Amino acid sequence: MIHRILTSIAATAMLSLLSPAQNGKQEYVPALVGFYNLENLYDTLDAADTDDQEFLPESGKQWGSARYWRKVNKMAGVIADIGKDLHPRGLAILGVSEVENRAVVEDLVNAAPLKDRGYQVVHEDSWDRRGVDVALIHDPTVFKVYAHKAYRLYMDPEGKFRTRDQLLVSGVLDGDTTHVIVNHWPSRRGGEKRSMPNRKAAAELGRHIIDSLLARNPNAYILYMGDLNDDPVDASVVKHLRATGDRNAAQGTVLFNPMHGLYQKGIGSLAWRDSWNLFDQIIISPGLLNGTGGKYKYYGARVFNEPYLRQKDGNFAGYPSRTFVGDTYQDGYSDHFPVFLILVKEAGK
């Protein structure tokens, strides 16, 4: 209940700010930037060098065309809904994870709920053993991409540990040069403590990318987004990525994590064993926080946890409604809620 009420209050406050100017108050125009873990958006074909046997027509999940297209259209419907109360075209930028290849992302943006948006896709194949990648979806009328690069995380010389690449996409957001880094850090498989060095290494790789951008422009607009498999208060995020929830401390090369405040209020993007985690985060540079690098600046953060995305009953009522539990088909969405930020600029700029 607290989870739902806090999100509703945040939404009301944001709508108040973004409404037309009244009584001499400044009017602001929003741009929305999000991230969504799509939970195993696989195609139905067997891919070489990929552990995708779980998602084939003959598998226990019976992952055939009907279920695939049902998932694609349902996820497209969610993406179309995100932020539509704040902007008629919804998201300008969306990072996604757990997509098998570019083709499934193309199917997603061409599905009926999204087709009219004209979204374009940036994707690079990673060497993840399960075959899942990250990608970026963007509205080319608002965010015009001019470069992208995938950064690989090497944990051992033999390459036995294979995880998702970090995808850097550079573009111009309505006049503001903006860099988006899309991530899916290593999981907690084997236990949180045992797997911690993997996420530390992912954070340090992210820090390297960010430092290279800030070295060229100290006021650079940077959004570091993804499923980090750690919470905003964990060492990988706070110490190794150097992201803080304190606006005053986010200066120089110290990043601001808008998700920290939500997490402290008990708001999460996924649930496990009767507790909420906020693994899905969008972290920003000080220039974007304060608007010192362009027209836009940070205004607010939301977890998109609408009632239709939640399980309705049973022991897991309120949790994200999944496509599968084990091999049992649930006809849900994802085990994560999407998250997004509201950026604003003054009207007329």
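Just so it is clear, none of the values below were taken in a lab; they were calculated from the coordinates. Quick caveat, the model's predicted, so the values are computed rather than measured. Backbone-built Cβ (ideal geometry, glycine too); neighbour counts: all protein chains shown.
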query = For labels at Met155 and Asp274 in the simple 7 Å Cα→Cβ model, what's the distance in nm?
reply = 3.1
task = Enter the Cα centre distance for the pair the range 221-269 and the range 41-94, rounded to the nearest angstrom.
result = 28
ask   = Can you give the calculated 222 nm mean residue ellipticity of the chain, where each DSSP H run of n ≥ 4 adds -39,500 (n - 2.57) and the sum is split over every residue, rounded to the nearest 500 deg cm²/dmol?
value = -7000 deg cm²/dmol
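Can you give the Rg to Rh ratio for the range 21-92, taking only C-alpha atoms and Rh from Kirkwood? Kindly include the intermediate steps, with their values, before the conclusion.
On the way: Rg = 19.2 Å, Rh = 15.3 Å.
For the range 21-92, the value is 1.26.
For the range 266-349, what's the relative contact order in percent, using C-alpha pairs closer than 8 Å and at least 6 residues apart?
On the way: 133 pairs, mean separation 26.3, N = 84.
Reported as a whole number, the value is 31 percent.
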request  = Could you size up the charge dipole of the chain around its Cα centre, putting +1 on the beta carbon of Lys and Arg and -1 on that of Asp and Glu, and report it in debye to the nearest 20?
outcome  = 1040
inquiry  = Which one, Tyr224, Tyr36, Tyr146, has the greatest fluctuation when you compute a Gaussian network model over the chain with C-alpha springs under 10 angstrom?
reply    = Tyr146
task = Compute the length gained on full extension between Ala215 and Trp69: take 0.36 nm times their separation in residues and subtract their Cα-Cα distance, giving the result in nm to one decimal.
result = 48.1 nm
message = Could you give the length gained by full extension between Arg102 and Gln330, i.e. 0.36 nm per residue of separation minus their alpha carbon distance, to one decimal place?
response = 79.5 nm
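Explain nothing, just the number: relative contact order of the chain, from Cα pairs under 8 Å at least 6 residues apart, as a whole percent. Numbers along the way, then the final one.
On the way: 766 pairs, mean separation 61.2, N = 349.
Answer for the chain is 18 percent.
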ask   = If the cut-off is a Cα-Cα distance under 29 Å, which lysines reach Lys200, setting aside same-chain residues fewer than 8 apart in sequence?
value = Lys149, Lys160, Lys239, Lys265, Lys297
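Neighbour counts of other C-beta atoms within 10 Å: give me Glu58, Glu106 arranged from fewest to most. Could the numbers behind the result be given before it?
On the way: Glu58 10, Glu106 16.
In order of increasing Cβ crowding within 10 Å: Glu58, Glu106.
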request  = With springs connecting C-alpha atoms under 10 Å apart, model the chain as a Gaussian network and identify which of Leu223, Leu153, Leu213 has the largest mean-square fluctuation.
outcome  = Leu213
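Based on the alpha-carbon gyration tensor of the range 85-180, what equivalent-ellipsoid semi-axes (square roots of 5 times the eigenvalues) come out, in whole Å, largest first?
Numbers: eigenvalues 149, 54, 17 Å².
The answer is 27, 16, 9 Å, longest axis first.
How do Ile82, Ile284 rank when sorted from fewest to most other Cβ atoms within 10 Å of their own Cβ? Walk me through the numbers before you get to the answer.
Working: Ile82 21, Ile284 25.
If I rank by nearby Cβ atoms, fewest first, I get Ile82, Ile284.
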